[in-house]
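Colleague: Right, I'll just put the structure down here and ask away after.
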Amino acid sequence: MKNKKFQISDFRFKIEERFFLLFICLLSTAFCLLPSCGGDDEETIAPKPRAYFRLAFPEKKYVSYDSACPFTFELPVYSKIEKDKNYRAEPCWLNMEFPSLNGTVHLTYHPLKGDINEYLEETNELASKHQIKASGIEEKLVSKDSSKVYGLIYEIGGNAASSIQFFLTDSTNHFIRGALYFNAAPNTDSIAPAVDFVRKDIYHMIETFEWKGVTKITSLPPSR
């Protein structure tokens, strides 16, 4: 009888084990019917790429800017000029604000007193300091003999804090430096559309920039 009880108990254990294994198999099958367990490629769940808000840019329109400072230029109607409020700011240090884009072009003007080389070196250093995070710096020459406006535009690629910088001078009396900054963490993908939009405004400003009191040379007299 003892052997018989042992055999019945052993048989019952084997039946319970088989039911347990069957339960596990059914549970696994049920999970695999869910979308996360294979299936068509269209059903596969994958992380979505990072997206950025689409900016609505205003229409390009410009107006002339003229003040007590010794220069004039055209600026976009959706920007505004404010005096630099830094305690070190000089009278013609200006900020061209882009409120809808959260960006600013900082303009610092200096009258020259035979010290143009100092300002040129300082400008080059300020542009070069962004080279750590920049993918490259492209320099574009500005030369307008008719209005004596000369300078360089620095196009700074990569995740630099300032994407565009420039300086303009007449080489003897005036020097002005500009730098574009956005009030946001530097990220090429997120601010690229805004940089491209403001870049056109900066180039338009430079194209229309003039020093006051400079006689414009429209054409040379015909030679005889």
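The values are calculated or read from the model by the stated rules, or taken from the named source; none is laboratory data. Keep in mind the model is a prediction, meaning the values are calculated, not measured. Cβ atoms come from the backbone with ideal geometry, glycine included; neighbour counts cover every protein chain shown.
Colleague: Taking only pairs six or more apart or across chains, which ones have beta-carbon atoms under 7 Å, a first residue in segment 66-81 that is in contact (Cβ under 8 Å) with a residue 24 or more places away in the chain, and a second residue that is part of a strand (DSSP E or B) and of a type in the set (Val, Ile, Thr)?
Modeller: PHE71/ILE176; GLU74/VAL63; LEU75/VAL63; LEU75/ILE81
Colleague: Quick one: in segment 181-215, which of the residues that are modelled with pLDDT under 95 and in a strand (DSSP E or B) is surrounded by the fewest Cβ atoms within 10 Å (Cβ to Cβ)?
Modeller: TYR181
Colleague: Would you check which residues across segment 132-141 are modelled with pLDDT under 95 and of a type outside the set (A, V, I, L, M, F, W, C) and list them?
Modeller: Residues of segment 132-141 modelled with pLDDT under 95: 132-139.
Within segment 132-141, LYS133, SER135, GLY136, GLU138, GLU139 meet the criteria.
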